[in-house]
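The values are calculated or read from the model by the stated rules, or taken from the named source; none is laboratory data. Model, not experiment: these values are computed from the prediction. Reconstructed Cβ throughout: ideal geometry from the backbone, glycine too, with neighbour counts over all protein chains shown. Remember, those area values only see protein heavy atoms, side chains included, never the ligands or the DNA or RNA. Shrake-Rupley method; radii C 1.70, N 1.55, O 1.52, S 1.80 Å.
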Amino acid sequence: MLFIQKLFGRKKPTIHSLVFETFGWSERQASAELREWQHPSMPALLSLHFFDIPPDLPPAADEVELRQKYRQSLIQQEGGILEVTRSAIEGAPLIRTLFKLPTNSDGVLYVGSLTIPFKSCSYVIKVQARESGVTGMREAVVANMLLGTDQLKVGDDGFIGWAADPYEPTFTAGKLMNLAERPEYDTQFPNHPLTLVRQTLRAIETQIHLPPELIAAASFV
C-alpha cells in the first residue's frame, strides 16, 4: 500500500521542473510547452521547450548515429554541424548540439541546444543568436592569422582546408564549419554571436540540477 501511495503521489514533470540560470535575460513568453527569454542588447534568444511525449531520438544512439541523424536533417535547411556530443547529467542522458544556419541576409544564425530526454518526455534548452551589422570580421581575422600555415593554404578555387564537417571530412553538403568557428577563437571575439551561444550553453550546463520528479522519471536509455 505504501508503494502504491508513493507511486501515485509522484509529482508529474512539467516545464517548471527544470530550473536553470537565465543571466538576467528578459522573459517574453511562457506557456506549458515553452518559456523564452530575450538578450538585453543582442539579437539572441534563450528558450526552454518541454515535450510531454516520448522523444523521437533513437534509444541508445551513440554520437556517430546522432551526428548522422542531425546531419541529414540539416541538409534540408542548408545548415551545418559545429558540435554534437553526448554525455550525462545526474544519471540522465544529455545531448549537446551546436548548428549554423543561413539567414536571408549574408549572416549566420547559430543555434545551440541541450537536450535531456526521458522515457515519456524531454526538455530542450536552446540558445540562438544571429549575426547582424557588419559580418565576416571573425573569419577575416582568423584567415589572415592562418594563411601560410599548415592549416590554411590558397588554391586555384580559394582557401584549401577552410571549411569542413568537424566529424566527417568527406561530407560536403550544407553550410560547413569553418576554422574561425573553432572554440579556441571565442576569447578573441567576445561579442560574436557564436561566442555568446557557446559560452551561455556551457554556463547553463554546469549548473543544471534535476529535481526529484525528474530523478524519479524513467530514464531514456
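Quick check, is V154 assigned to a strand (DSSP E or B) and more than 30 Å from T22 (Cβ to Cβ)? When the stated conditions are applied, V154 passes them. Flag set for E131, criterion: among the acidic types (D, E), open to solvent by 10 Å² or more (accessible area, probe 1.4 Å) and over 27 Å from Q207 (Cα atoms). Could you tell me which residue of segment 187-220 is modelled with the lowest pLDDT, considering only residues that are β-branched (V, I, T) and outside any loop (DSSP other than H, G, I, E, B)? Of everything passing the filter in segment 187-220, I215 is modelled with the lowest pLDDT. As for segment 83-93, it holds at least one residue that is in contact (Cβ under 8 Å) with a residue 12 or more places away in the chain and closer than 19 Å to T172 by Cα. Checked against (1) of a type outside the set (A, V, I, L, M); (2) in contact with a strand residue (DSSP E or B) (Cβ under 9 Å, 6 or more places away or on another chain); (3) modelled with pLDDT of 90 or more; (4) not in a strand (DSSP E or B), T135 passes all but a single condition, namely (3). Inspection of segment 52-60 identifies at least one residue that is at pLDDT below 95, out of contact with any strand residue (DSSP E or B) (no Cβ under 7 Å at 6 or more places or on another chain) and at positive phi. Taking the criterion of being farther than 27 Å from E27 by Cβ and either part of a strand (DSSP E or B) or at pLDDT 95 or above (or both), would at least one residue in segment 98-107 satisfy it? So far as segment 98-107 goes, yes, one or more of its residues are farther than 27 Å from E27 by Cβ and either part of a strand (DSSP E or B) or at pLDDT 95 or above (or both). In segment 12-19, the count of residues that are closer than 27 Å to N191 by Cα and open to solvent by 70 Å² or more (accessible area, probe 1.4 Å) is one or more. In segment 197-212, the residues that are touching a residue at least 60 places away in the same chain (Cβ under 8 Å) reach residues that are of a type in the set (A, V, I, L, M, F, W, C) and open to solvent by 40 Å² or more (accessible area, probe 1.4 Å) with C-beta atoms within less than 9 angstrom, at least six apart or across chains, in these pairs: T200/F23; A203/F23; I204/F23; I208/V19; H209/V19; P211/V19. Pull up segment 32-79, narrow it to residues that are over 15 Å from the mean Cα position of the chain (by Cα) and of a type in the set (G, A, S), then point me to the one that is farthest from G107 (Cα to Cα). The residue in question is A60.
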